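The values are calculated or read from the model by the stated rules, or taken from the named source; none is laboratory data. Predicted model only: the values in this text are computed from it and were never measured. Here the Cβ positions follow ideal geometry from the backbone for every residue, glycine too, while neighbour counts run over all protein chains shown. Note: areas computed on protein heavy atoms with side chains; ligands, DNA, RNA excluded. Shrake-Rupley method; radii C 1.70, N 1.55, O 1.52, S 1.80 Å.
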Amino acid sequence: MSKKFYITTAIDYANGSPHLGHAYEKVLTDIVARFRRLMGDEVKFLTGLDEHGQKVQMSAQKEGVAPIEVCDRLAEEFQGLCSALHISNDDYIRTTQERHKTVVQEILQKLYDKGEIYKADYNGFYSVRQEQFVTEKEKVDGKWPEIYGDVVEVTESNYFFKLAQYQDWLVDTIKTNEQMIYPRFRSADVLQFLKEPLNDLCISRPKERLEWGVELPFDPDFVTYVWFDALTNYITAAGYGSEEFDQHWPADYHVIGKDILVPPHAVYWPIMLKALDIELPKHFLVHGWWLSSGSKMSKSTGEVVNPLDLIDQFGADAFRYFVTREMNVGQDSEFSIELFMSRYNSDLANDLGNLVSRLLNMAGRYAEGVVPAAEIEEAPEKELKTLWTTTAAELVSLFEDFQFHKALDRIFTFVSGINRYAETRAPWKLAKSEQAADQAALRTSLATMAEALRLAVVMLTPVMPEISDKIRGLIGAENFERLEGQLVWGDTLAGKAIGEKTILFPRPERKV
Ligand code: MSP
């Protein structure tokens, strides 16, 4: 069996409801997955939930329920978000699943047997209220901030994973593997981090402090802690230990936010894999943050946008369009509802939505609801076709290079071109004339608009799958599974029945 294109998102923490940041990462990954499918790849697309840890245990305690209840509820919420966003994942992993715990324990045992994991005393400051270790760095004006309550110095035995011995190998790997991290400038962050000597990684917590984790197979008094558990999800879902594994691994892309590249994904993960003799993932696709009033949108800042509110009101595709159009992958982007509304109204409702309804309207009135054949090619047609040629020439490579915001910009420039063409040809005027030349121009203009619209939505498909299919249905165009041949201008729609006039992007009912 041939190797699949394996793409993953980060797995979300089960410590709060999903927000715009989580939704964005899924949309971004989904666009890559859908694009690869169109390019002919067989894709495995994984997303999931990171369920163990102190915070989950604490919120369950507060609610007086078992931690798994909190996780089940959040798993439902996050999966609900995936379906509301039309995310085409093939698998959803939860770190509390048996398949995952088995793999985590298997690799822990392997590394322990190889002598890569050892037990040692750990000395540090511990916040009793937050139930976590804190470091001097967290002090403000020489004092522990109020939120930590009492901070005491404790010595605790724990297990450590030997990172330090792989430092030179990792530096070398990152330096020689320029394509590994996208955008490339992020490699510099990794190399900067690796300038300091690496400390070995504490991978355990004693059960008396944290029970909600995967038990160490070689010491039942401890559970493994955070990253060792979470990162392993990528190989669990790939079928580690079974025949299926080679079909998926190495992952082609781990899609993650910039906050979790260094050290977890770019340092811990490659070293874990190297120590296990497993190939490294091919690439990391590292996106920036959605900001709200200048800072990262997150549960702790409280300034979060609930994507479901926007999806409810404007539809999944409008949401997908907005985040993809606004975010230059790798950079940060500020969210504002004004910006959302302006994109919705001008790009979607006015430019695309009006074009579709105009065409349906005119085809109904002047061509008995059928797309005519193009009969002539004059300056307006030539101009629009030339615009398409330059647009089409760029689109696939913009998608391959994750320049989705630019690809959308080009597509919408072409949509404006179609609207301009309609103004120039003015079919509503041609329809008033009985002259044969005007009638031929009328039929040609409708055919040209329909074909141009078909082409415009080809590469919108991975971004706005529902709307694109709908538009194709309305103009009699076929859906397709492969991109091949789709971007070529033809007279493919002649004779196809046009659908009823509909409003694709209704104005919002409530003020937002
Ligand atoms: N559980 C870890 C990841 C483990 S992966 C083996 C985690 N979870 S998270 O819920 O905090 O974040 C999940 C993903 O959402 C991360 O890639 C993170 O960067 C992304 N985002 C969270 N907030 C974000 C924004 N405000 N903007 C964009 N994405 C950000 O980290």
Report summary line: Plugging the Cβ-Cβ distance of residue 429 and residue 293 into 1/(1 + (r/R0)^6) at R0 = 41 Å yields, to the nearest 0.05, a FRET efficiency of 0.25
Report summary line: Beyond 23 Å (Cα-Cα) in this structure, taken from 195/274; 175/258; 114/258; 195/299, we find 114/258; 195/299
Requested in this report: Can you bin segment 1-128 into rounded, prolate or oblate? Criterion: square roots of the alpha carbon gyration tensor eigenvalues sorted a ≥ b ≥ c, rounded for a/c under 1.5, prolate for a/b above b/c, oblate for the rest.
Outcome: oblate
**Report entry** Pairwise centroid distance, computed over Cα atoms, of segment 265-287 with segment 150-200, Å
**Finding:** 11 Å
Report task. Would you grab the residues whose amide H sits under 5 Å from the one on residue 91? Only those 5+ places off in sequence or on another chain, please, with H modelled 1.01 Å from N. Result -> 45, 47
**Report entry** Inter-label distance for residue 83 and residue 1, nm, one decimal - labels placed 7 Å from Cα along Cα-to-Cβ
**Finding:** 2.6 nm
Query raised in the report: Rounded to a whole number, what % of the accessible area of the chain do carbon and sulfur atoms account for, probe 1.4 Å?
Result: 47 percent
**Report entry** Cβ-Cβ FRET estimate between residue 63 and residue 199, R0 fixed at 41 Å, reported to 0.05
**Finding:** 0.70
Query raised in the report: How much net charge surrounds residue 89 when only other residues with a Cβ under 14 Å from its Cβ are counted (Lys, Arg +1; Asp, Glu -1)?
Result: +2
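Subtract the Cα-Cα distance of residue 245 and residue 39 from 0.36 nm times their separation in residues, and report this length gain in nm to one decimal.
71.9 nm
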Requested in this report: Treating the angle as unsigned and between 0 and 90°, give the value, to the nearest 10°, between the Cα long axis of helix 98-113 and the longest Cα principal axis of the chain.
Outcome: 50 degrees
Report summary line: By the Cα gyration tensor axes a ≥ b ≥ c (a/c under 1.5 gives rounded; else a/b larger than b/c gives prolate, otherwise oblate), the shape of segment 340-387 is oblate
Report task. Any chance you could list the semi-axes, whole Å, largest first, of the equivalent ellipsoid that the Cα gyration tensor gives for segment 355-512, using √(5λ)? Result -> 26, 19, 15
Requested in this report: Obtain the nm distance between the two label points defined at residue 167 and residue 91 by a simple spin-label model: each point lies 7 Å from its Cα along the Cα-to-C-beta direction.
Outcome: 3.5 nm
Query - the chain - share of DSSP beta bridges that are antiparallel (%, nearest 5) - result: 50 percent
Query raised in the report: Please state the equivalent ellipsoid semi-axes for segment 100-149: what are the square roots of 5 times the Cα gyration tensor eigenvalues, largest first, in whole Å?
Result: 34, 14, 8
Report summary line: Dimensionless Rg/Rh of segment 199-341, both radii on Cα and Rh by Kirkwood, sits at 1.05
**Report entry** Distance in nm between pseudo-label sites at residue 383 and residue 497 (7 Å out along the Cβ direction from Cα)
**Finding:** 3.6 nm
Query raised in the report: At a probe size of 1.4 Å, how large is the accessible area of residue 357, to the nearest 10 Å²?
Result: 20 Å²
Report task. For residue 401 and residue 155, calculate 0.36 nm times their separation in residues minus their Cα-Cα distance, and state this gained length in nm to one decimal. Result -> 83.7 nm
Query raised in the report: Among 90, 50, 409, 246, what's the order by accessible area (1.4 angstrom probe), most exposed first?
Result: 246, 90, 409, 50
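Per residue, what accessible area does segment 1-142 have, given a 1.4 Å probe and all protein chains present, in Å²?
With all protein chains present, segment 1-142 gives 44 Å² per residue.
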Query raised in the report: Over all pairs of distinct alpha carbons, what does the Kirkwood formula give as the hydrodynamic radius of segment 150-255, in Å?
Result: 16.7 Å
Requested in this report: Counting helices only, and only those DSSP H runs with n ≥ 4, report the 222 nm mean residue ellipticity of the chain as the sum of -39,500 (n - 2.57) divided by its residues, in deg cm²/dmol to the nearest 500.
Outcome: -13500 deg cm²/dmol
Report summary line: For residue 193, the accessible surface traced by a 1.4 Å probe with all protein chains present amounts, in square angstrom to the nearest 10, to 80 Å²
Requested in this report: Work out the P(r) tail for the chain: percent of alpha carbon pairs separated by more than 44 Å, whole number.
Outcome: 26 percent
Report summary line: 1/(1 + (r/R0)^6) with r = Cβ-Cβ of residue 136 and residue 110, R0 = 30 Å, i.e. FRET efficiency to nearest 0.05, evaluates to 0.30
Report summary line: Of the listed links 62/162; 382/429; 282/470; 3/101; 282/385, those spanning more than 29 angstrom between alpha carbons are 62/162; 282/470; 282/385
Report summary line: Taking every other residue with Cβ under 13 Å from the Cβ of residue 72 and scoring Lys and Arg +1, Asp and Glu -1, one gets -3
